[in-house]
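Down below is the structure, laid out as structure tokens.
The values are calculated or read from the model by the stated rules, or taken from the named source; none is laboratory data. No experiment lies behind these values; they were computed from the predicted model shown. Note that each Cβ is placed from the backbone with ideal geometry, even for glycine, and that neighbours are counted across all protein chains shown. With ligands, DNA and RNA removed, areas are computed over all heavy atoms of the protein, side chains included. Shrake-Rupley method; radii C 1.70, N 1.55, O 1.52, S 1.80 Å.
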Amino acid sequence: MENQNLQVLVADAETALKSVSTKSQWEQIKATFLGPNGSLTQFAKGIGSVPKEERPAFGKSLNQAKGKVETFFKSKLTHLEDLEDIKSLGECIDPTLPASPTFSGGLHPLTKTKRRIISIFRKIGFTVAEASEVETEWFCFDALNTPDDHPARDEQDTLFFPSSSEWANVSRKKKESYLLRTHTSSVQIRTLLKEKPPLRIIAPGRCFRRDTVDATHSANFHQTEGLFVDQNVTVKDLKGVLDYFLRELFGGKIETRLRPSFFPFTEPSFEVDLKVPDLGKLSNKWIEIMGCGMVDPEVLGLVGVDSDEWTGFAFGLGIERVTMLLHGIDDIRHFYQNDQRFLSQFSSQV
Ligand code: DAH
């Protein structure tokens, strides 16, 4: 009988606690069970009327029931205090503090420069052309009017794929070899074979050379090629387009000059020098920025374009070089080391 009553008391305590949501309610309910006049206390007082031999069992059941009820109250109190802590933490948030950083990745600085270059040329009617990084010797050199003995063809500079016949003592020069393109100029040839002039393309992409890696050289790097073929294109058009491009990239106050140079696929050929008023240590100094020239009639002839009707200009620039100048980066290796401390500096820049 006592046992049954005790079980009801325990169940009552559990139910009563469910509706408790504040500490003062908790105190009140606790008093009704465990306080001096609480039901459990009162129940314990009944021990006097229990026959002597049943008292130990009565005491045991009573203690077990009391233990259970106390545990309910304790865990409810912990829960209430946790809620209080959470609430008070919420109330002391300082809205003037900067938000915690949420770095969700960003574009690589080279990708950003590439996109900037593309968007500048798009505005004046250039489209993007792409071709494979694995090329044949013909596309990379022969069709670009590069003689057999040109140093760029030397294996020191070019990464060739060995062909099975080469291993059998057949000279590379006698056989058509595959290689990793050493420049994006091969895209000029691929485009001229596919499309008829007039055309304006830029061809950004990855290139490879057998270079020993240092602060300014990498065996793997990126270039952007440009090709413009139309009727009556002159050096004046070349200069106008490149000046526009460099002004967009480096600001309106730049100066440029064309310096005579040599490339096998352009005649005449030039290096473009650039002077920028605010470029850190390089401010107001002439910097060599890119190669260019008028497409050699030999090249047009090789791909079946009538050079009496069509003329054009071409240019090529290093994407790493431009990015290094724009951001004052002093070592090309930063681009490939995947160091968050370097890369995250570019994540918010457009
Ligand atoms: N292909 C040259 C290089 O890798 C760069 C170049 C120079 C490209 C002059 C051109 C050009 O289209 O006209 O150094």
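Figures for the structure shown
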read-out: The listed residue being farther than 30 Å from PHE228 by Cβ, assigned to a helix (DSSP H, G or I), open to solvent by 60 Å² or more (accessible area, probe 1.4 Å) and not hydrophobic (A, V, I, L, M, F, W, C), out of LYS76, LYS68, LYS114; value: LYS68
read-out: Matching entry among SER283, SER347 (being more than 16 Å from the ligand (Cβ to nearest atom), polar (S, T, N, Q), within 20 Å of ILE117 (Cβ to Cβ) and open to solvent by 30 Å² or more (accessible area, probe 1.4 Å)); value: SER347
read-out: First in the stretch 239-263 and under 30 Å from ASP142 (Cα atoms) and in contact (Cβ under 8 Å) with a residue 60 or more places away in the chain, second anywhere and aromatic (Phe, Trp, Tyr) and surrounded by 15 or more Cβ atoms within 10 Å (Cβ to Cβ), Cβ under 8 Å, 6 or more apart; value: VAL241/PHE228; VAL241/PHE313; LEU242/PHE315; PHE245/PHE121
read-out: Exclusive hit being modelled with pLDDT under 95, farther than 30 Å from GLN231 by Cα and either charged (D, E, K, R) or buried (at least 20 other Cβ atoms within 10 Å of the Cβ) (or both), set ARG341, ARG333; value: ARG341
read-out: Residue in the stretch 304-311 that is within 15 Å of the ligand (Cβ to nearest atom), part of a strand (DSSP E or B) and modelled with pLDDT of 95 or more present; value: yes
read-out: So THR266, is it within 21 Å of HIS327 (Cβ to Cβ) and either among the acidic types (Asp, Glu) or surrounded by 19 or more Cβ atoms within 10 Å (Cβ to Cβ) (or both); value: no
read-out: Inter-residue pairs, beta-carbon under 7 Å, first at negative phi and in the stretch 216-231, second of a type in the set (S, T, N, Q) and at pLDDT 95 or above, 6+ apart; value: GLN223/THR184; THR224/THR184; GLU225/THR184; GLU225/SER185; GLU225/GLN188; LEU227/GLN188; LEU227/THR191
read-out: From the options HIS222, HIS217, residue that is in contact with a Pro (Cβ under 8 Å, 6 or more places away or on another chain), within 14 Å of the ligand (Cβ to nearest atom) and either in the same structural domain as TRP138 (by TED's automatic domain parsing) or open to solvent by 20 Å² or more (accessible area, probe 1.4 Å) (or both); value: HIS222
read-out: Exclusive hit being in contact with a helix residue (DSSP H, G or I) (Cβ under 6 Å, 6 or more places away or on another chain) and hydrophobic (A, V, I, L, M, F, W, C), set LEU227, LEU258; value: LEU227
read-out: Any hit, the stretch 44-64, residues being open to solvent by less than 40 Å² (accessible area, probe 1.4 Å), under 24 Å from LEU17 (Cα atoms), touching a Leu at 6+ places or on another chain (Cβ under 6 Å) and among the hydrophobic types (A, V, I, L, M, F, W, C); value: yes
read-out: GLU298 open to solvent by 30 Å² or more (accessible area, probe 1.4 Å), touching a residue at least 60 places away in the same chain (Cβ under 8 Å) and either within 16 Å of the ligand (Cβ to nearest atom) or touching a His at 6+ places or on another chain (Cβ under 9 Å) (or both); value: yes
read-out: Yes/no for ASP211 being acidic (Asp, Glu), in the same structural domain as ASP306 (by TED's automatic domain parsing) and at pLDDT below 95; value: yes
read-out: For GLY316: the one exception among (1) in a loop (DSSP other than H, G, I, E, B); (2) surrounded by 14 or more Cβ atoms within 10 Å (Cβ to Cβ); (3) among the small types (Gly, Ala, Ser); (4) touching a residue at least 60 places away in the same chain (Cβ under 8 Å); value: (1)
read-out: Residues of the stretch 202-214 that turn out to be open to solvent by 60 Å² or more (accessible area, probe 1.4 Å) and assigned to a strand (DSSP E or B), as a count; value: 1
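Rundown of residues vs (1) open to solvent by 40 Å² or more (accessible area, probe 1.4 Å); (2) of a type in the set (S, T, N, Q); (3) not assigned by TED's automatic domain parsing to the domain that holds HIS79, yes/no style:
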| position | (1), (2), (3) |
| --- | --- |
| ALA13 | no, no, no |
| LYS23 | yes, no, no |
| GLN28 | yes, yes, no |
| GLY35 | no, no, no |
